[in-house]
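Comments concern the structure below.
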């Protein structure tokens, strides 16, 4: 799979075959219920390996499926832009984003290759950023852009709000690095991994419900339901 994800040709071939099977009804069904977000807790200085009795995946050991390799982002110059169909286009620095209320949630990332990875994700709510920008009444879609300038994906605005999606800055009590998506990664709960975009640099508010991102243009299902 792709997490956000940018992947090699060999991996893409495998993933496309898996995606065909999923489209035929062979994938796991989405969970009927979801846990609520919790305020981010102080978990100490060390990585955690278990949470609430569940073993957590070591995300640093997962294969890098990115298109061109991890993207090195300078937190001092990085900005998260929120623009498009909004009343107030905004540009947030890293510390400004992290000054928002922080939350955590145990979430499993499902991959089109057939594996999954479970982690404790800590971050800020997309809705808190959107509320500051004030999307226009006709907005239907959020288009997420990575800092590499190439990778994009999208989700319906209604899904982002309903599922209260997080922009994660930590996994398992570890701040993201270049491989895991620093500075921010979208924790797209109940969506396949190519919606979990890394190195997020821009959220474009759009009225185009049919927008297709990098892998969606190459045949991946735009809904990305597992």
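The values are calculated or read from the model by the stated rules, or taken from the named source; none is laboratory data. These figures come from a predicted structure and were not determined experimentally. So basically every Cβ, Gly included, is an ideal-geometry build from the backbone, and we count neighbours across all protein chains shown.
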Residue by residue through segment 144-173, note down the ones that are out of contact with any helix residue (DSSP H, G or I) (no Cβ under 8 Å at 6 or more places or on another chain), buried (at least 17 other Cβ atoms within 10 Å of the Cβ) and either without any contact (Cβ under 8 Å) to a residue 40 or more places away in the chain or within 21 Å of residue 50 (Cβ to Cβ) (or both). 159, 168, 170, 173
Conditions (1) without any contact (Cβ under 8 Å) to a residue 12 or more places away in the chain; (2) under 24 Å from residue 134 (Cβ atoms): number failed by residue 217: (2)
Among the residues of segment 46-89, which ones are over 22 Å from residue 104 (Cβ atoms), in a strand (DSSP E or B) and over 20 Å from the mean Cα position of the chain (by Cα)? 86
Single unsatisfied condition, residue 226 versus (1) under 14 Å from the mean Cα position of the chain (by Cα); (2) touching a residue at least 60 places away in the same chain (Cβ under 8 Å); (3) buried (at least 17 other Cβ atoms within 10 Å of the Cβ); (4) outside any strand (DSSP E or B): (1)
Within segment 64-109, the residues that are surrounded by 14 or more Cβ atoms within 10 Å (Cβ to Cβ), in contact with a helix residue (DSSP H, G or I) (Cβ under 7 Å, 6 or more places away or on another chain), closer than 24 Å to residue 190 by Cβ and modelled with pLDDT of 95 or more are 80, 82, 100, 109
Please enumerate the residues belonging to segment 110-132 that are farther than 17 Å from residue 182 by Cα and surrounded by fewer than 21 Cβ atoms within 10 Å (Cβ to Cβ). 113, 114, 115, 116, 117, 118, 127, 128, 129, 130, 131, 132
